[in-house]
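Any read-out appearing in this document is the output of simple, stated calculations on the displayed coordinates, not a laboratory observation. Nothing here was measured: the structure is a model prediction, and the numbers come from that model. Heads up, the Cβs are rebuilt from the backbone with ideal geometry, glycines too, and the neighbour counts pull from every protein chain shown.
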């Protein structure tokens, strides 16, 4: 005879895909009815039309059909009331009220912050950030990524999620997770193709909201895709995260390298640790013979690294654009291999080897 307790225990193996906690502990299971070998379960989702409804419904059905004695499963999907959503948000916060300093920014959070900066636009900084984030996740790290380029956000497009929206539960936002990376961007909160016409203080407030009102869960490393240059947003990030590590992106071109040094000097003056330099668009390798052609000059990354007294961690080759110009590179491409090696060097330079070993 199947019991409700057996069903409840089985449902503890079903996770909410957005917050990675089981639906029983989150009080998402409203009702269980057992009639011989038939089970009916009602599960409450946070919002109507939740995009993960089918995933949760399938997981519940699959898990319950694995229970001995269960032959038939009916899953009823409902929606939480305002009070239930408030309780759900409180559970995600551990029953605590929001703090002045968000948990992510607490000294004992255990999260390593890595800001990715460049002196000018057009050097592929966001592409480097996105591919590095994915490569770090594939090495076993729990990775978050904030698209802090408020005016020129592009991370959602790179990851192919520009049409998606994050789930909002009362005043709590759930990041979108893709390729093992949890993402948040200004893109999700502005009308399509509308410019962001904000001044410095408002930009700083939005960044603080990304840290304080987004439920990131457990992370090992948080990447920040900074806007190019040394403007308000970059300065605010440097002040908000005084112990952040930093990665500088440049191209081989002399002018790009010169302004990249300025971005690095700003990081040094705000006590950030520059862990290295990435030279993007370093060369084009002929797919037939492998001969390298240096389209944009040579040694720009090396000059930046020398000026900032750090290391050149990677030289990313120019991609073959015949496949439509993808921005996330497959592992079996020269770019994919370069990012895999970059991730491993970043893990070493940023002190993340212990986190990888613990997975």
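Relative contact order of the chain, taken over Cα pairs closer than 8 Å and 6 or more residues apart, is 16 percent.
Counting beta carbons within 10 Å around each of 304, 29, 60 and listing the fewest first gives the order 29, 60, 304. Against the chain, whose longest principal axis is taken from its Cα atoms, helix 200-212 shows a tilt of about 50°.
Each of 165, 292 was scored by other Cβ atoms within 10 Å of its Cβ. Arranged with the fewest first, they read 165, 292.
First check a/c for segment 120-172, with a ≥ b ≥ c the square roots of the eigenvalues of its C-alpha gyration tensor; if it is under 1.5, answer rounded, and if not, answer prolate when a/b is larger than b/c or oblate otherwise.
Oblate, since a/c reaches 1.5 and b/c is not below a/b.
Given their separation in residues at 0.36 nm each and the Cα-Cα distance between them, residue 108 and residue 54 gain 15.7 nm when the chain is fully extended. The DSSP beta bridges internal to the chain are antiparallel in roughly 30% of cases.
Between helix 125-138 and the chain there is an angle of about 50 degrees, using the helix long axis and the longest principal axis of the Cα atoms.
If R₀ is 41 angstrom, what is the calculated FRET efficiency for the pair residue 76 and residue 285, using the beta carbon separation as r and rounding to 0.05?
The pair residue 76/residue 285 has a calculated efficiency of 0.15.
To the nearest 10 degrees, how steep is helix 82-92 against the longest Cα principal axis of the chain, on a 0 to 90 scale? Once rounded, one gets 60 degrees. Hey, of (1) 28; (2) 20; (3) 24, which did the structure itself give for percent of Cα pairs over 37 Å apart when calculated? Checked against the structure: label (1). Report summary: the helix-based calculation at 222 nm, which adds -39500 (n - 2.57) for every DSSP H run with n ≥ 4 and divides by the residues of the chain, gives -10000 deg cm²/dmol.
Neighbour counts of other Cβ atoms within 10 Å put 129, 270, 293 in the fewest-to-most order 293, 270, 129. Shape of segment 4-92 from its Cα gyration tensor (a ≥ b ≥ c, root eigenvalues): rounded if a/c is under 1.5, otherwise prolate when a/b > b/c, or oblate? Verdict is prolate for segment 4-92.
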